[in-house]
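Just so you know, all these numbers are worked out from the coordinates, no wet-lab data involved. These numbers come from a predicted model, not from an experiment. All Cβ positions, even for glycine, are placed from backbone atoms using ideal geometry, and neighbour counts span all protein chains on display.
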Amino acid sequence: MSVEVYYDDDADLGLIQGRKVAVIGYGSQGHAHALSLRDSGVDVVIGLPAGSKSRPKAEEQGLRVLTPAEASAEADVIMILAPDTAQRTIYAESIAPNLAPGKAIFFGHGFNIRYGLITPPADVDVAMVAPKGPGHLVRRQYVDGKGVPCLVAVEQDASGNAFPLALAYAKGIGGTRAGAIRTTFTEETETDLFGEQAVLCGGAAALVQTGFEVLTEAGYAPEVAYFECLHELKLIVDLMYEGGIARMRYSISDTAEYGDLSRGPRVVDSRVKEEMRKILGEIQSGEFAREWVAEDDAGRPNFAKWRAEGAAHPIEETGQKLRSMMSWVDRPLTETA
Ligand SMILES: NC(=O)C1=CN([C@@H]2O[C@H](COP(=O)(O)OP(=O)(O)OC[C@H]3O[C@@H](n4cnc5c(N)ncnc54)[C@H](OP(=O)(O)O)[C@@H]3O)[C@@H](O)[C@H]2O)C=CC1
Ligand SMILES: CC[C@](O)(C(C)=O)C(=O)O
Ligand SMILES: [Mg+2]
Ligand SMILES: [Mg+2]
């Protein structure tokens, strides 16, 4: 199936420059969108609760900060970039009462629409601009004149102009420099959840930690295991990013390539593939979403426990020590958030 990919010349920045945008939340994505839109000549206001710890950060950057309700009342386009689990309450309490025909509600991820946690009225546009990368790098790439690819989708086109508006927003954060793909809320939500669980975050972190454990438990130095299993992973992935798996294989030794081809499929074997299919099934059926919403409603007990266990893994202490000697590696994500 071929997809439509849009670049800078396909998007009219004027469409978003002509609207007032409220960015609700000023975290990883929120700060990146708000600052880059502002730098693209868009009128931006931030929506944060009165006691939010993000308020000083946004104000230091010269952004106007109101409550989510006040920002939603002022804006024509309301982009929700608060945590997925908080969005349904923010929507019900602060956004819905301030919607009016002709306004647009935007998302950075389709979770709340895909799983029916938010149902906007029929007379507003509902669209998504979802960067395929962490917010701090979305901002860093924009500042460097580059861009992170985005997925753009329209769930509801009340104005008849929702897609060009969303594309203009994507241009404002640098997304169309790299390419914006038109998709649906369902495809974005399901592939994004799958990617972060099975490959990018869950799969990669478990692979790195397990490799580190196998080496250190066999008596090798943690520093050597860290460089081998974590630090060098970035350098290997950089080659894949630049030229695909083929370029990585071109650059590594024949010995490494033979080991890659003969041993890789033993690590990620048919059992792993079956587990990935199961994970995808839980996402498609809504089982994962129900579990995560219930976990959040219960105060996130498992999340807190697993997060603490991850932070206490020996690879973290070893890495902290080694990274502190490499100033070019150990740097803040951004000076802003
Ligand atoms: N992280 C990423 O790179 C990516 C995220 N996304 C999507 O973007 C959205 C935002 O995620 P992310 O940037 O990670 O979020 P973060 O957790 O980084 O940011 C949370 C922000 O929302 C604020 N916030 C918390 N509760 C409320 C509330 N009730 N009202 C208003 N603001 C609130 C926080 O304020 P305080 O400081 O006071 O807690 C903080 O500023 C999600 O839909 C996510 O799936 C999509 C692509 C990548
Ligand atoms: C990979 C994790 C992500 O989907 C992202 C940065 O794109 C997220 O939800 O943070
Ligand atoms: Mg993602
Ligand atoms: Mg995600």
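Would you count, across the chain, every pair of lysines whose alpha carbons are under 15 angstrom apart, provided the pair is eight or more residues apart or spans two chains?
4
Tell me which of LEU167, SER94, MET128 sits at the most positive position along the dipole axis of the chain, charges placed on C-beta atoms (Lys, Arg +1; Asp, Glu -1).
Among LEU167, SER94, MET128, the one farthest towards the positive end of the dipole of the chain is SER94.
Nothing charged except the Cβ atoms of Lys and Arg (+1) and of Asp and Glu (-1): what's the magnitude of the dipole of the chain about its Cα centre? Round to the nearest 20 debye. Please list the in-between numbers first.
Working: 33 positive and 48 negative charges, 82 e Å.
The dipole magnitude comes to about 400 debye.
For the chain, set up a GNM with springs between Cα atoms under 10 Å and report which of VAL199, VAL124, VAL214 has the largest fluctuation.
The residue with the greatest mean-square fluctuation here is VAL214.
Is the chain rounded, prolate or oblate when judged by the Cα gyration tensor, a ≥ b ≥ c being the square roots of its eigenvalues, rounded requiring a/c under 1.5 and prolate requiring a/b larger than b/c?
Since a/c reaches 1.5 and a/b is larger than b/c, the shape of the chain is classed as prolate.
So, by mean Cβ neighbours within 10 angstrom, what's the order for 171-180, 239-248 with the highest one leading? Please report the intermediate quantities before stating the final value.
On the way: 171-180: 25.5, 239-248: 13.0.
Packing proxy ranking, top to bottom: 171-180, 239-248.
Could I have the simple spin-label model distance between ASN161 and ARG263, label points 7 Å from Cα toward Cβ, reported in nm to one decimal?
Calculated label separation equals 5.9 nm.
Using a ≥ b ≥ c from the Cα gyration tensor of segment 34-81 (square roots of the eigenvalues), is it rounded, prolate or oblate, where a/c under 1.5 gives rounded and otherwise the larger of a/b and b/c decides, a/b for prolate? Before the final figure, lay out the partial values.
Values: a/c = 2.06, a/b = 1.11, b/c = 1.85.
Oblate.
Return the single residue from ILE46, ILE283, ILE24 with maximal mean-square fluctuation; model: Gaussian network over the chain, springs between Cα atoms under 10 Å.
ILE283
Relative contact order (percent) for the chain, with alpha-carbon contacts under 8 angstrom and 6 or more residues of separation?
Working: 505 pairs, mean separation 54.3, N = 337.
Normalised by residue count, the contact order of the chain is 16 percent.
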